[in-house]
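The values are calculated or read from the model by the stated rules, or taken from the named source; none is laboratory data. Bear in mind that the values here come from a model prediction, so they are computed numbers and not experimental data. Cβ placement follows ideal geometry from the backbone for every residue including glycine, while neighbour counts extend to all protein chains displayed.
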């Protein structure tokens, strides 16, 4: 693979949405995640809304805490993405306002729970 000039930058809004998605799916509050990664609840909130950027160290800590890969968190910033479905969900959430995105995310997590309850993996 050849490196290209002007490679993509990190999409912090997508990163934040992915962090929120995985945090909520693990049943963690912003405060709990902040405690695990040695940060503040406010800062986690700012990261999740794309209002602040996170250092690489913090993103790694968050990925480890949420038991996801860096690719899972950064896939909208990567040229090659393995999980196309997750990217589609994140892109759909990005196009919504924060309130609508939260409602959709809560519904998605509810549906995920129903599928698990009925043995659909």
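Annotations for the structure displayed:
- Among the criteria (1) surrounded by 13 or more Cβ atoms within 10 Å (Cβ to Cβ); (2) at pLDDT below 90; (3) assigned to a helix (DSSP H, G or I), the one residue 61 does not fulfil is (2).
- All positions within the stretch 33-48 that are closer than 13 Å to residue 23 by Cβ and either in a loop (DSSP other than H, G, I, E, B) or in contact with a strand residue (DSSP E or B) (Cβ under 8 Å, 6 or more places away or on another chain) (or both): 39
Every residue, every condition in (1) more than 27 Å from residue 112 (Cα to Cα); (2) modelled with pLDDT under 95; (3) in contact with a helix residue (DSSP H, G or I) (Cβ under 8 Å, 6 or more places away or on another chain); (4) surrounded by fewer than 16 Cβ atoms within 10 Å (Cβ to Cβ), yes or no:
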site	(1), (2), (3), (4)
9	yes, yes, yes, yes
20	no, yes, yes, no
27	no, yes, no, yes
47	no, no, yes, no
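- In the set 33, 93, only one residue is within 12 Å of the chain's Cα centre (by Cα) and either under 22 Å from residue 10 (Cβ atoms) or in contact (Cβ under 8 Å) with a residue 60 or more places away in the chain (or both); that residue is 93.
- Of all residues in the stretch 93-121, those satisfying the criterion of being part of a loop (DSSP other than H, G, I, E, B) and within 26 Å of residue 50 (Cα to Cα) are 95, 96, 97.
- Boolean, residue 85 is out of contact with any strand residue (DSSP E or B) (no Cβ under 9 Å at 6 or more places or on another chain), surrounded by fewer than 14 Cβ atoms within 10 Å (Cβ to Cβ) and assigned to a helix (DSSP H, G or I): yes
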